[in-house]
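Quick notes on the structure that follows.
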Amino acid sequence: MKKKTTLSPELTPETFTGLKTGEPKDVAVGMPAVVSSMKHVFGAMNVGRGMKSLLSLNQKEGFDCPSCAWPDPDDERSTIAEYCENGAKAVAEEATTKRLLPDFFAAHSIDELGTWSDYELSQQGRIAQPMYKPKGADRYKPIEWDDVFGIIAKHLNQLQSPNEAIFYTSGRTSNEAAFLYQLFVRQYGTNNLPDCSNMCHESSGVALTETVGIGKGSVKLDDLYLADLIIIAGQNPGTNHPRMLTALEKAKKNGAKILSINPLYETGLVAFSNPQTLGGLLGTKTTLSDVFLPVRINGDVPLFKAFLKLMYQAEQEKGGVFDWPFIEEQTTGIQELLADLERYTLPQLAEDCGLTAAQIEEAAALIIGSQKIVACWAMGLTQHKNAVDNIREVVNLLLVKGSIGKPGAGTCPVRGHSNVQGDRTMGIWEAPPQSLLDSLEKQFGFRPPQEHGYNTVEAIKAMHQGKATVFFAMGGNFLSATPDTSYTAKALRNCRLTAHVSTKLNRSHLVTGEEALILPCLGRTDIDIQQGEAQLVSVENSMGVVHQSKGKLTPVSAFLLSEPDIIRRLAKATFGSKSVVDWDNFLVHYDFIRNAIEKTIPGFENYNERVRRPGGFYLPNGAREGEFKTKSGKAAFSINGYSSFQLTENEYLMMTIRSHDQFNTTIYGLNDRYRGIYNERRVVLMNEKDILKRGWAPGVIVDLYNFFGGIERVAPQFIIVPYLIPEKCIATYFPEANTLVPIDSFADRSMTPTSKTVLVQMKSVL
Ligand SMILES: Nc1nc2c(c(=O)[nH]1)N[C@H]1C(S)=C(S)[C@@H](COP(=O)(O)OP(=O)(O)OC[C@H]3O[C@@H](n4cnc5c(=O)[nH]c(N)nc54)[C@H](O)[C@@H]3O)O[C@H]1N2
Ligand SMILES: Nc1nc2c(c(=O)[nH]1)N[C@H]1C(S)=C(S)[C@@H](COP(=O)(O)OP(=O)(O)OC[C@H]3O[C@@H](n4cnc5c(=O)[nH]c(N)nc54)[C@H](O)[C@@H]3O)O[C@H]1N2
Ligand code: SF4
Ligand SMILES: [Mo]
């Protein structure tokens with residue numbers, strides 16, 4: 001392993017890997033994606049295991065793709081390839097036969113591993129036995145499972161208050177494990193259940209709950225096929241939800257138009273070659289976007305306001321644009337909205353979103369002419385200071401068109417992790433609804449804590465301030481996924497104990513509390529046998545379908561425990577014989593966990609029977625049926641604001657985005673094929689004019705830095721890459737630039753870190 005330079009183990013090493021650039025691609029998927037999938041899968045395991053994995057992936061009796069939350073088709077599935085390139089990479093990452101054995105941890109100190117890149121850490125294989133770092137030790141050593149639970153229980157039972165412990169969750173955890181986990185945490189006595197949602201779609205949840213009465217999207221896949229217009233704002237489906245392209249292709253064949261709103265001309269929004277058709281493999285492509293608006297970063301509120309103004313103008317001129325019967329019967333607040341729009345002028349709005357009047361008018365014409373509109377969005381809308389306003393403004397547009405609660409129309413926040421939506425439904429929530437707490441009390445006979453707990457930002461601060469000293473994570477990579485990396489590192493180092501239930505090694509295992517534990521668990525692809533029977537688990541996808549997932553592969557180590565078993569054993573060690581909950585019973589058969597879910601959480605009637613139906617079942621969704629469960633019983637128009645940034649000559653708005661070769665903090669490779677960037681992640685995408693203005697050239701190396709709240713934050717050594725991106729906007733990859741996202745910079749009300757609007761300056765260093 002070559003020597004690395006780095007400031008400290010929490011930051012990704014700054015060593016360059018050898019940037020190569022090419023033209024961004026003009027079509028997504030096709031043959032190159034098939035080749036890439038095969039390379040990853042068969043590079044990580046033998047042919048038999050590789051074939052078994054791919055043939056089970058997303059099949060009705062197989063396992064759910066561990067990558068994103070895009071739904072499987074409701075009808076027939078392809079029996080050979082119901083997955084995409086990034087699904088295949090996620091499976092390769094998990095199902096690899098490489099293992100991390102005790103001699104690996106004996107050979108490398110924690111500080112040495114901190115100098116490895118995230119890619120190198122990801123390459124090391126599955127963690128094969130529980131590991132422990134005692135106080136004062138510089139490396140991990142193997143430990144027996146019983147001792148693992150003994151240590152955690154001892155720490156938990158020593159705390160003055162249960163609120164001094166934090167229980168994080170990433171979004172891969174099954175419904176069964178998530179339900180048991182929140183039950184354990186609440187029986188222990190806290191609602192400190194921050195999760196990755198806090199950094200992801202929390203803004204969507206807040207905005208949708210108050211405007212349409214449910215914090216989830218309203219559409220089914222079929223609605224995309226029936227839509228007149230699909231708006232895709234702040235989302236890069238070609239990389240992050242690749243099978244969405246198949247749905248978009250079908251929608252286009254049925255006559256839908258697509259409007260894309262994104263600072264980057266993302267390849268997957270431009271055109272698609274379907275790898276499941278011969279034509280697609282040979283290069284025949286479907287053009288996807290009819291209109292593409294390269295909006296300035298965080299320019300969406302002024303853009304949607306401009307749409308609404310143009311729509312209202314057209315309504316006044318010729319009528320037929322607004323759905324008045326819907327507006328009058330089903331909504332509140334239209335007059336206030338129209339009055340508020342008077343405050344803005346079109347030229348000002350155009351300037352604030354960085355587009356020309358002609359571009360906006362072309363898009364508005366599409367909207368005006370459509371009756372059934374689906375709006376899809378992801379992190380490009382949710383990770384800004386005014387993220388909740390972004391989404392409420394999208395809802396305003398849909399409501400004016402009566403486009404929520406009818407076929408072919410609705411809201412489509414496209415979820416990230418494969419079960420992040422299910423985890424929330426199961427009660428992984430620091431701000432649980434009272435109905436959940438009451439229901440838990442009724443079912444289990446203990447009184448859950450009533451006050452809300454810490455979300456992700458609050459949890460980091462509590463650890464930083466020494467108010468919380470035990471950190472437990474059910475999956476994820478808390479250190480690298482959260483903002484302000486150095487601040488978060490200090491928070492974790494302040495803890496007495498940090499413990500991670502994990503499949504793969506990551507940076508959060510390397511920045512530890514006084515004591516640290518790694519609890520290796522079964523993944524989605526692994527067979528999970530309890531009491532001699534292979535168990536199934538269930539997950540909820542982005543469109544509210546709950547369905548089963550059954551691992552098929554032999555686990556790489558006999559020491560791995562399932563997540564439900566880890567929670568059972570933790571609960572038993574913590575509560576001893578005092579527990580009012582019968583924890584052993586849940587592990588006799590996972591059907592018993594589902595029985596408990598059915599009794600506690602609405603919408604899961606006959607869970608065990610319905611989860612076994614091919615394709616699963618839909619959860620109830622009021623907005624989908626046109627029933628708005630808001631305070632007034634109607635959908636609410638809202639008044640939203642935005643602030644335009646006055647940037648000095650050396651100030652830029654930075655968005656932190658995903659490359660094509662990563663799943664969040666797991667780095668599969670060093671290429672970002674669609675964007676034409678190869679073999680390097682420490683890059684800044686920058687407009688050519690901005691590069692010239694600074695007297696720089698492609699390849700110049702810069703330090704990125706900013707000042708927020710009186711503190712200087714620096715991310716050193718990034719290579720300038722000229723790119724088609726609006727002026728004064730730049731892009732870097734997550735997690736390398738997370739250290740620049742200030743802990744106190746988060747969205748109003750949802751507290752989602754502003755990972756897509758980071759104010760930065762740059763100086764050249766070489
Ligand atoms: N292969 C793969 N799949 C994934 C993931 C992964 O890392 N890899 N992550 C999963 C997770 S957890 C999530 S949440 C999703 C994330 O899926 P995305 O949200 O697609 O992911 P990002 O890379 O964050 O991309 C955000 C997009 O928003 C655009 N954008 C940024 N700022 C703005 C803005 O102000 N306005 C507009 N209109 N657009 C903007 C960016 O150019 C980019 O195209 O993907 C999930 N699926
Ligand atoms: N700057 C910036 N920061 C961001 C974002 C951004 O766009 N920009 N996006 C945010 C978003 S949308 C999200 S969702 C978060 C993601 O935050 P997290 O969910 O915390 O991060 P991941 O990288 O998905 O977690 C990967 C780790 O999960 C573990 N793992 C994988 N599979 C399993 C499993 O089956 N069980 C268990 N127990 N562990 C498993 C592995 O050890 C792996 O290393 O990051 C957020 N952070
Ligand atoms: S679209 Fe998402 S869920 Fe579907 S196969 Fe691809 S990565 Fe997996
Ligand atoms: Mo996410």
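The values are calculated or read from the model by the stated rules, or taken from the named source; none is laboratory data. Small disclaimer: the values here were computed from a predicted structure and weren't measured. Cβ coordinates were reconstructed from backbone atoms using ideal geometry, including for glycine residues, and neighbour counts include every protein chain displayed.
Screening the range 479-496 for residues that are among the charged types (D, E, K, R) and in a loop (DSSP other than H, G, I, E, B) and picking the one that is farthest from ligand 4 (Cβ to nearest atom) gives R496. Over 15 Å from S170 (Cβ atoms), within 16 Å of ligand 4 (Cβ to nearest atom) and surrounded by 24 or more Cβ atoms within 10 Å (Cβ to Cβ): which single residue out of S204, S197 fits that description? None of the others qualify; the one that does is S204. If you go through the range 11-27 and keep only what is hydroxyl-bearing (S, T, Y) and surrounded by 17 or more Cβ atoms within 10 Å (Cβ to Cβ), you end up with T12, T21. Restricting attention to the range 237-273 and to residues that are over 21 Å from L366 (Cα atoms) and outside any helix (DSSP H, G or I), the residue that is modelled with the lowest pLDDT turns out to be S273. The single residue among G402, G427 that is touching a residue at least 24 places away in the same chain (Cβ under 8 Å), over 18 Å from the mean Cα position of the chain (by Cα) and not in a helix (DSSP H, G or I) turns out to be G402.
Yes or no, residue by residue, for (1) among the small types (G, A, S); (2) part of a helix (DSSP H, G or I):
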residue: E23; (1), (2): no, no
residue: A33; (1), (2): yes, yes
residue: M51; (1), (2): no, yes
residue: E61; (1), (2): no, no
residue: C65; (1), (2): no, no
residue: W70; (1), (2): no, no
residue: D74; (1), (2): no, no
residue: A90; (1), (2): yes, yes
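Sub-8 Å Cβ pairs linking a first residue in the range 475-490 that is on the phi < 0 side of the Ramachandran plot to a second residue that is in a helix (DSSP H, G or I) and among the basic types (K, R), at least 6 apart or interchain, are N477/R507; L479/R507; S480/R507, ordered by first then second residue. For residues that are part of a loop (DSSP other than H, G, I, E, B) and within 15 Å of ligand 2 (Cβ to nearest atom), scanning just the range 199-235, find the one that is nearest to L397 (Cα to Cα). Checked the range 199-235; the qualifying residue nearest to L397 (Cα to Cα) is G234. Against the condition in the same structural domain as G408 (by TED's automatic domain parsing) and either closer than 17 Å to V537 by Cβ or buried (at least 24 other Cβ atoms within 10 Å of the Cβ) (or both), how does V219 come out, does it pass? Taking the combined requirement at face value, the residue satisfies it. Outside any loop (DSSP other than H, G, I, E, B), closer than 27 Å to N506 by Cα and modelled with pLDDT of 95 or more - does that describe any residue in the range 750-759? Within the range 750-759, one or more residues are outside any loop (DSSP other than H, G, I, E, B), closer than 27 Å to N506 by Cα and modelled with pLDDT of 95 or more. Do the conditions hold for G603, that is, is it at positive phi, at pLDDT below 95 and surrounded by fewer than 18 Cβ atoms within 10 Å (Cβ to Cβ)? No, not satisfied.
Whenever a residue of the range 680-708 is surrounded by 22 or more Cβ atoms within 10 Å (Cβ to Cβ), its partners that are in a helix (DSSP H, G or I), lying with C-beta atoms within less than 7 angstrom and at least six residues away or across chains, give the pairs L704/L740.
Scanning the range 726-734 finds one or more residues that are out of contact with any strand residue (DSSP E or B) (no Cβ under 6 Å at 6 or more places or on another chain), crowded, with 17+ Cβ neighbours inside 10 Å and under 24 Å from T382 (Cα atoms).
Looking at the structure I just gave you, is T190 part of a loop (DSSP other than H, G, I, E, B) and more than 14 Å from the chain's Cα centre (by Cα)? When the stated conditions are applied, T190 passes them. Taking the range 405-424 as the search range and keeping residues that are within 12 Å of ligand 2 (Cβ to nearest atom) and in a helix (DSSP H, G or I), which one is nearest to the chain's Cα centre (by Cα)? Once the filter is applied, the top-ranked residue is V420.
In the range 357-373, the count of residues that are more than 16 Å from ligand 2 (Cβ to nearest atom) and under 30 Å from V539 (Cβ atoms) is one or more.
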